[in-house]
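What follows is a single structure, written as structure tokens, with notes after it.
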Amino acid sequence: MAKYKIAWLPGDGVGNDVMEATRIVLDRHSFDAEYIHGDIGWEFWKHEGEPLPKRTVEMMKGTDCALFGAITSMPKEEAQEVLDDNLKDKGLVYFSPIVRLRQEFNLHTNLRPCKAYPGNPLNLKEGIDLVVFRENTEGMYGGVEFHPIPQEVFDVLDKNHPKMKKFAEYGLENLALSTRIMSRQKCRNIVTGAFEYAKKYGYKSVTVVDKPNVLRETGGLMVRTAREVAKNYPGIELWETNIDAQAMWLVKNPMDYGVMVAENMFGDILSDLAAQLVGGLGFASSGNMGDDYAVFEPTHGSAPKYHGKYKVNPMAMFLTAKLMLDWLGEKEMAVRLENAIAKVIKEGNAKTYDMGGNTTTLEMAEAVATEL
Ligand code: IPM
Ligand code: MG
């Protein structure tokens, strides 16, 4: 019997290309796993009205963790249009399956490392070494939204907040409401994760990024909680920044930062920004981690126009596999995989189109596998 059971979820578009490449690398690395394919993504939305079929969730429950390629997601109206005719008018609503997986498995911590591997022509600067801890289940991703705002919801808000009167003038049918609900528990959890990481890997500071000057209650809760947590880590400084300023400073002084921590939406934005500093989404890995399950996915999307062309950079997916090995406790394998990736980048003989070359996705896999 294999040592691990891995749910294998290629998803949409180039998710398939990069997963195929990753399998070459993992096999050459002699990673002892049984891979179990799971249906997920746009095709299943179109033909079943469900991008994350129940059978997939059930299958995942019997595995150690999941590797996930990419997903196509679209706003409500566009998603309606592609449904098979017999599924239209059934009141089905498209929800991003990755967002649902994060919630269903309580994958509260999204770890997104952004490291400038020496020799990558796309690095903004050599030496950048950032990591974003993104709270992964709450905030504006909590899914509590309305349009129009139901009368009873409006009434409760109106009763509790003087500012609602002003909105009433527009009529409820013209109002939309998305909420940003955050808990002290999840704030504490994500900040603690960030500090523990800083401690383990020797970072001198943790930067909590939010906007408490405007979002006084949610942003305020995040920052106040971060201050409490920071007391337990005397050797590590807590820096507090606003998301807008942080975006500017990250581009200006990327070397000043190490570990950053943010709630869901700000972490989403921040991690794309950080990724671009070290080569863009072709190098951006991520791990959605809970207490006893995790889903590993590259940060990039499904890029449908490149599907099956084996053109995109699979390094993000390889680095994602490295995160998986780490999480499974296969530290030595993780280090060797990262070293092989770093060596291929440094030598510069294999470069995908984003790096200015024409190496294919599978040739990149071969290059890394050869180093292994
Ligand atoms: C990400 C992506 C997702 C998100 C999308 C695809 C729903 O942008 O993983 O960062 O917003 O979380
Ligand atoms: Mg994103």
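The values are calculated or read from the model by the stated rules, or taken from the named source; none is laboratory data. Quantities reported herein were computed from a predicted structural model and do not represent experimental measurements. Glycine also receives a Cβ, built like all others from the backbone with ideal geometry; neighbour counts cover every protein chain displayed. Ligands, DNA and RNA are excluded from the accessible area calculation, which covers all protein heavy atoms including side chains. Shrake-Rupley method; radii C 1.70, N 1.55, O 1.52, S 1.80 Å.
Remarks
- When residues of region 291-334 are limited to those that are among the polar types (S, T, N, Q) and in contact with a strand residue (DSSP E or B) (Cβ under 9 Å, 6 or more places away or on another chain), the one farthest from ligand 1 (Cβ to nearest atom): T320
- Just one of the numbered conditions (1) modelled with pLDDT of 95 or more; (2) surrounded by fewer than 24 Cβ atoms within 10 Å (Cβ to Cβ); (3) within 16 Å of ligand 2 (Cβ to nearest atom) is not true of A303: (1).
- Top-ranked residue of region 26-56 - restricted to ones that are hydrophobic (A, V, I, L, M, F, W, C) and open to solvent by less than 10 Å² (accessible area, probe 1.4 Å), ranked as farthest from A294 (Cα to Cα): W45
- Taking the conditions (1) among the polar types (S, T, N, Q); (2) touching a Gly at 6+ places or on another chain (Cβ under 9 Å); (3) more than 15 Å from D17 (Cα to Cα) in turn, S271 satisfies each one other than (2).
- The set of residues from region 338-350 being open to solvent by 70 Å² or more (accessible area, probe 1.4 Å) and either in contact (Cβ under 8 Å) with a residue 40 or more places away in the chain or of a type in the set (D, E, K, R) (or both) comprises K343, K346, E347.
- Output for region 68-84, where each listed residue is closer than 16 Å to G13 by Cβ and either under 17 Å from the mean Cα position of the chain (by Cα) or touching a residue at least 12 places away in the same chain (Cβ under 8 Å) (or both): F68, G69, A70, I71, T72, S73, M74, A79, V82
- Taken together, V335, V312 contain a single residue that is of a type outside the set (S, T, Y) and in contact (Cβ under 8 Å) with a residue 12 or more places away in the chain, which is V312.
Conditions (1) outside any helix (DSSP H, G or I); (2) of a type in the set (A, V, I, L, M); (3) modelled with pLDDT under 95, marked per residue:
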position: V229; (1), (2), (3): no, yes, no
position: P234; (1), (2), (3): yes, no, no
position: L238; (1), (2), (3): yes, yes, no
position: G267; (1), (2), (3): no, no, no
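- Whichever residue in region 57-74 is crowded, with 18+ Cβ neighbours inside 10 Å and within 16 Å of ligand 2 (Cβ to nearest atom) and, among such residues, is nearest to N288 (Cα to Cα): F68
- Hits in region 91-113 (condition: part of a helix (DSSP H, G or I) and open to solvent by 20 Å² or more (accessible area, probe 1.4 Å)): V99, R100, Q103, E104
- Any chance I243 is in contact with a strand residue (DSSP E or B) (Cβ under 8 Å, 6 or more places away or on another chain), without any contact (Cβ under 8 Å) to a residue 60 or more places away in the chain and open to solvent by 10 Å² or more (accessible area, probe 1.4 Å): yes
- Residue pairs whose Cβ atoms lie under 9 Å apart, sitting 6 or more positions apart in sequence or on different chains, and linking a residue in region 356-372 that is β-branched (V, I, T) to a partner that is assigned to a loop (DSSP other than H, G, I, E, B) and open to solvent by 30 Å² or more (accessible area, probe 1.4 Å), are T359/N349; T359/K351; T360/K309; T360/Y310; T360/K311; T361/K309; T361/Y310; T361/K311.
- Selection count, region 71-90, where residues are closer than 16 Å to G301 by Cβ and not in a loop (DSSP other than H, G, I, E, B): 2
- The set of residues in region 325-352 being in contact with a Leu (Cβ under 6 Å, 6 or more places away or on another chain) and over 16 Å from E366 (Cβ atoms) consists of M333, A334.
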